[in-house]
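None of the figures in this text is laboratory data; all of them are computed from the coordinates on show. As the structure is a prediction and not an experimental result, all values here were calculated from the model. Here Cβ is always computed from backbone atoms with ideal geometry, including for glycine, and neighbour counts include all displayed protein chains.
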Amino acid sequence: MNNETKVNHRAKEILAAAEKVFDKFGYAQARMDAVAAEAGLAKGTIYNYFPSKADLFRAIFADAMTDVEGDVERLVGSALSAKQRLEQLLDYFFSRLSYHNRLGRLVLEDQHRSHAKERFPEGAPVVARSPA
């Protein structure tokens, strides 16, 4: 195995571990320590490949979208009839729905967190509740 193959393999291992951690804890609660433990690596090794948690998360998303793009291109470009291609595309999307639902939840969580930071840079305001 050459060095480039090792690097790609290690990055894929880290992405797989990070995906499990993000899925289990959500973006905000996920820690790089947990990703390192899941991957069986030192935390510093994770940072050698991905400088931040945000970079790691974006890499997971980009990797998933690259896979989908390639799969869809193969299905659309096949020699099957239009009806068969459509059936296969629908089967594909339904089979991937669970995965993309989890990933979508994490993307929305990240967007919500980013939006909240823009609106409340000092932190969310505390709202006192009146006694019931």
What pairs can you find where one residue is in region 70-82 and closer than 16 Å to Phe93 by Cα, the other is assigned to a helix (DSSP H, G or I) and among the polar types (S, T, N, Q), and their Cβ atoms are less than 8 Å apart, with a gap of 6+ or different chains? Leu75/Gln88
Within region 44-83, which residues are over 19 Å from the mean Cα position of the chain (by Cα) and charged (D, E, K, R)? Glu73, Arg74, Lys83
